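The values are calculated or read from the model by the stated rules, or taken from the named source; none is laboratory data. The model shown is predicted, which means the values in this text are computed figures rather than measured ones. Glycine gets a Cβ as well: all are built from the backbone with ideal geometry, and neighbour counts include every protein chain shown.
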Amino acid sequence: MSFILNIETATKNCSVAIAKNGETILCKEIAEEGYSHAEKLHVFIEEAIAEAGITVHDLVAIAVSQGPGSYTGLRIGVSAAKGLCFALNIPLIAVDTLQTLASQAKVTDGKIIPMLDARRMEVYSEIFNANLEVEREILAEVITEDSFKDFTEKLYFVGDCADKCKAVLTKDSFVFLEDIKYPSASAMSKISFDKYQKSDTVDVAYFEPYYLKDFMMAPPSKKQ
């Protein structure tokens, strides 16, 4: 019996799930504007393990969202995952954040385009078919009225960019699934279990999140 702890902190959603053989049995999460990941993550992990009726020693692996996404959120999630893997001597599994987001769209046709906000009109995006197979790799791109215009099939957009993108992505074949806003650890369960069965793991010591863009510190405000 394979229990995997899934950790998703790439966005405003701080999310933890316990999965057994690829099925989510318990999930704890909260999405807040203030990014409370540092305060909530370890509490969620402890509560999820206890409420699932297992101990940390029952875990066979830790899966973590690898990005792209929030620099700080990713660092918090990866640091926690690495610490647990070192302490328990179990493997670390890295899961594509946008794949997790796309997997929450249950469609049978067209393409799924997960998008995460990267400020202004820029997004992090990827393209999947209805079978969740990658059709275009991850990009940081600026969305305009010409974006995705060459696609003839229906496109399903998921993520936290609906409000700013609906005004320019107006083709009848563009569908915004606005109830799917953030990736959730519960949607990582099947993906992480598949990777575990294939021994598709990463080096705990050297793994780094996939930021896609360099982290930019905001300049300090000038005192008057």
Pick from region 5-51 the residues that are β-branched (Val, Ile, Thr) and over 16 Å from the mean Cα position of the chain (by Cα): which of them is surrounded by the fewest Cβ atoms within 10 Å (Cβ to Cβ)?
-> Val43
In region 168-178, the residues that are in a loop (DSSP other than H, G, I, E, B) and within 15 Å of Ser125 (Cβ to Cβ) = Val168, Leu169, Leu177
Just give me the residues in region 34-68 being without any contact (Cβ under 8 Å) to a residue 60 or more places away in the chain and among the small types (Gly, Ala, Ser), in sequence order.
-> Gly34, Ser36, Ala38, Ala48, Ala50, Ala52, Gly53
Kindly provide the set of residues from region 134-167 that are in a strand (DSSP E or B), more than 18 Å from Gly69 (Cα to Cα) and of a type in the set (A, V, I, L, M), ordered by number.
-> Val134, Leu155
Keeping to region 113-133, report how many residues are outside any loop (DSSP other than H, G, I, E, B) and either farther than 20 Å from Val175 by Cβ or in contact (Cβ under 8 Å) with a residue 24 or more places away in the chain (or both).
-> 11
Considering region 140-167 alone, what residues qualify as being in contact with an Asp or Glu (Cβ under 8 Å, 6 or more places away or on another chain), exposed (fewer than 13 other Cβ atoms within 10 Å of the Cβ) and in contact (Cβ under 8 Å) with a residue 24 or more places away in the chain?
-> Glu153
Residue under evaluation Asp117, criteria (1) modelled with pLDDT of 95 or more; (2) outside the structural domain of Thr11 (by TED's automatic domain parsing), criterion not met = (1)
Identify the residue in region 11-66 that is part of a strand (DSSP E or B) and among the basic types (Lys, Arg) and, among all such residues, is nearest to Ser79 (Cα to Cα).
-> Lys28
Tell me which of these Leu88 doesn't satisfy, since it passes every other one: (1) surrounded by fewer than 18 Cβ atoms within 10 Å (Cβ to Cβ); (2) modelled with pLDDT under 95; (3) among the aliphatic types (A, V, I, L, M).
-> (2)
Among the residues of region 193-207, is there at least one that is among the β-branched types (Val, Ile, Thr) and assigned to a loop (DSSP other than H, G, I, E, B)?
-> yes
Say we look at region 74-112 and pick out the residues that are of a type in the set (Ser, Thr, Tyr) and outside any helix (DSSP H, G or I); which of these is farthest from Phe207 (Cα to Cα)?
-> Thr108
